[in-house]
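Asker: Got a structure for you, written out below as structure tokens; questions coming shortly.
A short reminder: the numbers here are calculations on the coordinates, not readings from a lab. Keep in mind that this is a model prediction, so the values were computed, not measured. Virtual Cβ from ideal backbone geometry, glycine too; neighbours counted across all protein chains shown.
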Amino acid sequence: MTIRPLTDSDYRDILTEWWESWGWTPPPQDYLPNTGFILYDNDVPVCAAYLYMTNSKVAWIEWLVSNKNYRKKPGRREGILFLLSYMIEIAKRSGYSYITAIAENRHAIEIYETIGFISDKGKAQTLTLWAQ
């Protein structure tokens with residue numbers, strides 16, 4: 001498995017389709033940071049996420065999405081774990097002390113908890129104002 005930075009064409013050609021296949025509305029591309037990563041199994045894209053790097057000690061992993069049709073073993077879960085671990089290392093090496101994420105899907109929450117994230121067990125909602 002390999003990881004590389006996301007490109008504009010990945011957003012158009014891969015990610016929007018993945019988000020829609022899971023029933024999500026894709027975020028506008030200019031809402032996303034330049035620090036996004038995609039994991040490949042040979043030439044098959046498996047999963048992707050973005051890393052928001054703030055001017056505080058907090059980094060934020062967001063917009064985690066996977067290829068719904070990827071069924072090869074070891075599987076999407078292991079690919080997501082690999083990608084998130086990679087992104088956590090980037091955040092740590094960049095000087096971030098805290099890494100946070102928002103997840104509603106129980107499978108995603110379990111994956112985050114596997115790597116050591118602590119859930120508040122709440123039913124928070126993400127609220128966004130499009131100020132355009």
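Asker: With only alpha-carbon atoms in the gyration tensor, what are the semi-axes of the equivalent ellipsoid for the chain, in Å, largest first?
Answerer: Here the semi-axes work out to 21, 18, 16 Å.
Asker: In terms of modelled amide H atoms, which long-range or inter-chain residues lie less than 5 Å from the amide H of LEU64?
Answerer: Counting only residues 5 or more places away or on other chains, the set is TYR50.
Asker: Still on this structure: For the charge dipole of the chain, defined by +1 on Lys and Arg C-beta atoms and -1 on Asp and Glu C-beta atoms about the Cα centroid, which residue among THR35, GLY75, VAL46 has the Cα displaced farthest towards the positive pole?
Answerer: Result: GLY75, furthest along the dipole toward the positive end.
Asker: Less than 18 Å apart at the alpha-carbon level, and either on another chain or at least 8 residues along: which lysines does that give for LYS57?
Answerer: By straight Cα distance, LYS57 reaches LYS92.
Asker: Relative contact order of the chain, please, whole-number percent, based on alpha carbon pairs below 8 angstrom and at least 6 residues apart.
Answerer: Once normalised by length, the contact order is 20 percent.
Asker: Taking the convex hull of the Cα atoms, report for the range 28-100 its projected area averaged over all directions, in nm².
Answerer: 5.4 nm²
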